[in-house]
Amino acid sequence: MAGNIWEEKRRVIRHYDRLAKIYDSLYGDEQRLKIKEILNAIDLCWSDLVLDVGCGTGLLFGHIHDLVSAIVGVDISLGALMVAKDFIKRVGLKNVSLVRADADYLPFKDGIFDRVFAITLLQNLPNPILTLHEILRVSKEDSLIAVTGLKKSFSRRSFLEILFRAGMPSSIIECDENVKCHIAIYSRETVFPTKNINMREGIEMCSSVVS
């Protein structure tokens, strides 16, 4: 079983290493649309320490680097991280750090990140619930976590169920129909400081899973 998991992870590494230099030209517009929808739904503060899990080529960095104090980008693909490193150097971003790591074993202390982004990540994971548990571990008690799930990989229901079973009952953002993924926002706070989210669907999903 463990061998199968690592073989799947190696497959993902090879895939993104091959795509790294052309990823932005192939998928950049699609990714930027996701990022726009997420940033329309959550608030960022200058004091925030942000984690971008599965940061890839660093597309998110350019959208938020001047809104937060520091960003840590994590990816398992060295090829993608090298492209991200070149982008950081070219644009002159001073508050972004890159770490090569497995999202299932994040090399950070408990409860240190204010905002966490997991964009285009879940469909590449052999055990997404395990990964979401790890994301929760490194997030603060009052953190906001944005997670996407590719529509061709997850139905709305299955996406919400994965989040719920990971201990992250979430709300779905109602967004542009051209967005190719479901986008959920999870908060441990009683009130979501968000906009454009379907609270009813999240509540109904939780009730359905419990029953």
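All of the numbers you see were taken from the coordinates with simple rules; none came from a lab. Quantities reported herein were computed from a predicted structural model and do not represent experimental measurements. Every residue, glycine among them, receives a Cβ derived from its backbone with ideal geometry; neighbour counts consider all protein chains shown.
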Check: Of Ser139, Ser153, Ser77, which has the largest mean-square fluctuation in a 10 Å C-alpha GNM of the chain?
Finding: Ser153
Check: With springs only between Cα atoms under 10 Å, which of Asp66, Asp114, Asp52 fluctuates most in a Gaussian network model of the chain?
Finding: Asp66
Check: To the nearest 0.05, what FRET efficiency results for Ser69 and His133 with a Förster distance of 30 Å applied to their C-beta separation?
Finding: 0.70
Next item on the list: Could you work out how far the C-alpha centroid of region 160-187 sits from that of region 7-34, in angstrom?
Entry: 21 Å
Notebook entry, point to check: How high is the FRET efficiency between Lys151 and Arg188 when r is their beta carbon distance and R₀ equals 22 Å, given to the nearest 0.05?
Noted result: 0.25
Checklist line | Cα gyration tensor category, rounded, prolate or oblate, for region 69-126 with a/c compared to 1.5 | finding: oblate
Item checked: Dipole of the chain [Lys/Arg +1, Asp/Glu -1 at C-beta], most positive-end residue of Leu33, Ala101, Ser170 -> Ala101
Next item on the list: Find, to one decimal place in angstroms, the Kirkwood hydrodynamic radius of the chain, where the mean of 1/r is taken over every pair of different Cα atoms and then inverted.
Entry: 17.3 Å
Check: Rounded to the nearest 500, what is the chain's calculated 222 nm mean residue ellipticity when only DSSP H runs of at least 4 contribute -39500 (n - 2.57) each, over all residues?
Finding: -13000 deg cm²/dmol
Margin query: Below 26 Å, Cα to Cα, which lysines can Lys21 reach? Residues fewer than 8 away in the same chain don't count.
Written below: Lys9, Lys34, Lys36, Lys85, Lys89, Lys94, Lys151, Lys152, Lys180
Next item on the list: With only Lys, Arg, Asp and Glu charged, each at its Cβ (+1 for the first two, -1 for the last two), find how big the charge dipole of the chain is about the Cα centre; round to the nearest 20 debye.
Entry: 560 debye
Checklist line | Calculated FRET efficiency for the pair His15/Lys36, C-beta based, R₀ 25 Å, to 0.05 | finding: 0.50
